[in-house]
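Contents: one structure, followed by commentary.
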Amino acid sequence: MTVPDLSKLKKGDDDEWGVAYNLLMPSAKAKARSTGMSRCCTDDAEDVAITAFTLLARKVKAGDVQQVEELRPLLSRIVHDGAIDHCRKLFAQKRGGGKTTSLEGLAESDRLKLLAKGDSPIEQLEISELVELIQKVGEQLEDREWSMWEDYFFSELSQKEISQQYGIAVGSVGVYIKRITEKLRGPLEKIFVR
């Protein structure tokens with residue numbers, strides 16, 4: 001495996017960028033698919049990865065990258081953000097062209113915290129009330145269950161990472177997540193289905 005020369009990348013050397021492309025794009029496409037695009041728009045994953053690669057090139061040219069080892073994690077972060085933005089736009093179009101309020105993202109915390117970015121105080125209040133309901137339902141779970149569910153869905157940890165963090169077999173992670181989701185489903189249905 002050839003590692004690209006960062007100094008040549010900064011100068012815009014096409015051959016060196018070809019090496020970087022061949023090295024980084026497979027994982028960038030996989031990251032796009034694993035960040036939710038496989039559920040809504042798998043065919044767009046390559047476009048998001050290419051756009052992210054272009055943004056990476058701009059950051060390298062601007063001097064934001066100091067070591068070649070920073071390329072992969074930086075590209076992964078850019079792809080992750082791009083994939084989420086892409087999916088949100090598609091879902092917003094399906095729900096009425098962006099006329100509805102969507103949950104904008106998640107902040108890292110001990111508990112679920114959602115960033116309310118509604119256009120009006122009423123929308124922000126509705127979002128904050130929804131957050132409180134989700135947290136209340138989550139309180140009915142054991143701390144370990146809530147934490148595992150939150151890590152899987154909101155922190156987007158892989159099953160392998162969850163397996164290591166919680167000391168359970170990788171093959172059992174999906175079963176745990178499914179059971180926890182079923183525990184949440186009942187109380188949430190009582191709230192939202194009337």
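The values are calculated or read from the model by the stated rules, or taken from the named source; none is laboratory data. Owing to the predicted nature of the structure, the values given are computational and were not obtained by experimental measurement. Glycine gets a Cβ as well: all are built from the backbone with ideal geometry, and neighbour counts include every protein chain shown.
Leu55 versus (1) of a type in the set (A, V, I, L, M); (2) exposed (fewer than 12 other Cβ atoms within 10 Å of the Cβ); (3) at pLDDT 90 or above: which is the lone unmet condition?
Every condition holds for Leu55 apart from (2).
Kindly indicate which of Thr35, Thr54 is in contact with a helix residue (DSSP H, G or I) (Cβ under 6 Å, 6 or more places away or on another chain) and either more than 24 Å from Ser158 (Cβ to Cβ) or of a type in the set (Val, Ile, Thr) (or both). Talk me through it step by step, then tell me what you get.
Working: Thr54 fails: in contact with a helix residue (DSSP H, G or I) (Cβ under 6 Å, 6 or more places away or on another chain).
Only one candidate passes the filter, namely Thr35.
Within the bounds of segment 26-37, is there any residue that is modelled with pLDDT under 85, exposed (fewer than 13 other Cβ atoms within 10 Å of the Cβ) and assigned by TED's automatic domain parsing to the domain that holds Glu69?
Within segment 26-37, not a single residue is modelled with pLDDT under 85, exposed (fewer than 13 other Cβ atoms within 10 Å of the Cβ) and assigned by TED's automatic domain parsing to the domain that holds Glu69.
Among helices (runs of 4 or more DSSP H) lying entirely in segment 77-191, which contain 3 or more residues that are farther than 27 Å from Ala30 by Cα and at pLDDT below 85? Step through it out loud before you land on a result.
Working: elements: 121-139, 143-153, 159-166.
Correct list: 121-139.
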